[in-house]
1. Can you grab the distance from the C-alpha centre of the stretch 253-304 to the C-alpha centre of the stretch 75-148, Å, no decimals?
2. For residue 437, enumerate residues with amide H under 5 Å from its amide H, sequence gap 5+ or separate chain, H modeled in the peptide plane.
3. Percent antiparallel among DSSP beta bridges with both residues in the chain, to the nearest 5?
4. Rounded to the nearest 5, what % of the DSSP beta bridges within the stretch 292-439 are antiparallel ones?
5. Given a 1.4 Å probe and every protein chain left where it sits, what share in percent of the accessible area of the stretch 2-201 is carbon and sulfur?
6. Report ³J(HN,Hα) in whole Hz for each residue of the stretch 365-382, in order, from the Karplus equation J = 6.51 cos²θ - 1.76 cosθ + 1.60 where θ = phi - 60°; Gly and Pro get x.
7. Under a Cβ-Cβ cut-off of 12 Å, what is the net charge of the residues other than residue 269 that fall near it, where Lys and Arg count +1 and Asp and Glu count -1?
8. Of all DSSP beta bridges located in the stretch 1-106, what percent are antiparallel, nearest 5?
Amino acid sequence: MNVTLFGLGYVGTVTATCLAARGHRVVGVDTDPGKVAAVNAGRPPVIEPGLDELLAEVVGSGALRATESVRDSMQSSDLSLVCVGTPSAANGSTDLVQVSRVSSEIGAALAATKRPHTVVIRSTVPPGTVDAVIVPLLEAGSGRTVGTDLHVAMCPEFLREGSSVTDFFGPPFLIIGGSTAAAAAVRELFGFLDCSVHVVETRSAESVKYACNAFHALKVSFANELSRLYRMLDVDARQVMDVFVQDRQLNISPAYLRPGFAFGGSCLPKDLRSLLYLARMNSVDLPVLEASLASNEMLIREVADRILLAVDESGGHNRRVAMLGLSFKHNTDDLRESPNVALAEILIGKGLDVRIHDPVVNPAQLSGANLRYVQARLPHLHKVLHDDAADALDGAHVAVVSSASRDVVDAAVAAKPPVVLDFNGRLGTPIETLDGYEGVGW
Ligand SMILES: NC(=O)c1ccc[n+]([C@@H]2O[C@H](COP(=O)([O-])OP(=O)(O)OC[C@H]3O[C@@H](n4cnc5c(N)ncnc54)[C@H](O)[C@@H]3O)[C@@H](O)[C@H]2O)c1
């Protein structure tokens with residue numbers, strides 16, 4: 001393809017070089033004359049292992065050249081790749097000046113040609129930027145409408161400085177946000193990559209990049225917080241983490257990474273509190289782990305407020321709420337520290353008429369710590385617990401569905417309460433198509 005690449009920084013120089021090395025004809029555009037001159041002289045403007053030789057080779061063969069002139073670069077271009085900077089503004093927001101300027105420039109250059117064109121955003125931009133900022137500028141500049149002879153895709157970049165050439169050729173995946181036509185152009189551009197391709201909504205593609213970087217930051221802080229405590233306890237954190245990462249079932253895995261309701265149960269809150277106690281005894285602050293408990297409690301309060309608001313918005317006459325699922329997770333009757341029990345406690349305390357059904361929980365069979373916990377929290381459980389999901393749902397304004405049991409879901413679909421709050425996320429159709437359906441976090 002004939003590719004115009006905007007921004008010859010770390011991402012842009014590596015991308016331009018590697019694309020040229022895989023058979024594309026690439027023109028790199030940068031406003032910095034020093035970078036343009038360096039590339040045209042066969043010298044990378046950034047230091048990256050393996051880049052020197054590759055860049056010299058592709059510039060030598062004519063597959064890559066650089067320019068400051070947008071118009072010159074766009075004359076026979078099929079696809080623009082935007083790799084300009086998106087630095088932090090003073091208040092922490094993303095400075096979109098470079099992205100906005102480039103979008104206007106590409107738009108203006110497209111006004112002078114009739115060639116169909118795809119614009120691919122590689123820069124990291126906040127969710128909504130492509131639709132709210134980039135597309136309007138491209139359309140205004142070019143006089144074209146996205147979807148006809150102009151297509152736009154978001155395709156976040158995952159390379160790391162220091163290993164960017166290797167990372168470019170071996171990415172974890174290719175994420176494409178945009179229409180089928182835009183995705184087809186991106187697939188063609190990266191056709192030489194051997195990785196999975198995920199075509200998602202544009203906003204999701206924008207958001208994945210932030211999720212990745214936030215997670216990486218969280219992981220570093222997690223390992224370092226543990227090591228600061230373990231050092232005080234005479235534990236070698238390197239050994240702990242070496243074995244920790246060997247668990248690909250629960251630790252380094254999709255487990256515990258599904259959006260949903262708060263965590264609970266007999267282990268997570270207890271053991272986290274125990275670690276935090278040890279930290280206090282050793283004068284070690286663990287703000288990330290501390291925040292995890294606070295964040296969990298915040299979610300329970302937020303959801304309680306949402307339910308109270310839904311009841312108020314209905315005029316407040318129908319204060320009945322059906323909770324379908326009470327234990328801390330599906331298929332267990334362990335109620336200890338269940339966030340659903342905490343939620344029920346709040347809602348009952350606020351005067352709502354809470355009716356609970358859990359296909360697994362049978363009060364007659366609860367015993368030991370489990371029984372003591374629920375007696376302390378929900379002493380009238382037997383009065384609010386219903387054997388039948390339909391009874392719990394009868395006349396309810398809000399249904400809170402955490403159980404994925406078929407009977408429970410079918411009963412909720414049949415009852416069609418005005419508000420259905422899904423804590424599970426995998427209930428699928430038909431419940432997700434109900435008028436009042438809302439996900440707890442989606
Ligand atoms: N650096 C990384 O490791 C990395 C990894 C993945 C994603 N990203 C994202 O990729 C984007 C680029 O990052 P970077 O580190 O390469 O940035 P950078 O600051 O190194 O490079 C940006 C380049 O864009 C040029 N530029 C600015 N306005 C221009 C315009 N109107 N026309 C042409 N060129 C213009 C600048 O002169 C500069 O050379 C950012 O959004 C960043 O968040 C970076």
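1. Computed from Cα coordinates, the inter-centre distance equals 41 Å.
2. Long-range HN contacts for residue 437: 420.
3. Within the chain, antiparallel bridges account for around 5 percent of the total.
4. Once the DSSP bridges in the stretch 292-439 are tallied, antiparallel ones form about 0 percent.
5. 52 percent
6. Result, rounded to whole Hz: 9, 6, 8, x, 5, 4, 5, 4, 4, 6, 5, 6, 8, 10, x, 9, 3, 4.
7. Summing Lys/Arg as +1 and Asp/Glu as -1 gives 0.
8. Bridges in the stretch 1-106 that DSSP calls antiparallel: roughly 5 percent.
The values are calculated or read from the model by the stated rules, or taken from the named source; none is laboratory data. All figures in this text were calculated on a predicted structure; none of them were measured in a lab. Positions of Cβ are generated from backbone atoms using ideal geometry, with glycine treated the same way; all protein chains shown enter the neighbour counts. In case anyone asks, the SASA skips ligands and DNA or RNA and just uses the protein heavy atoms, side chains included. Shrake-Rupley method; radii C 1.70, N 1.55, O 1.52, S 1.80 Å.
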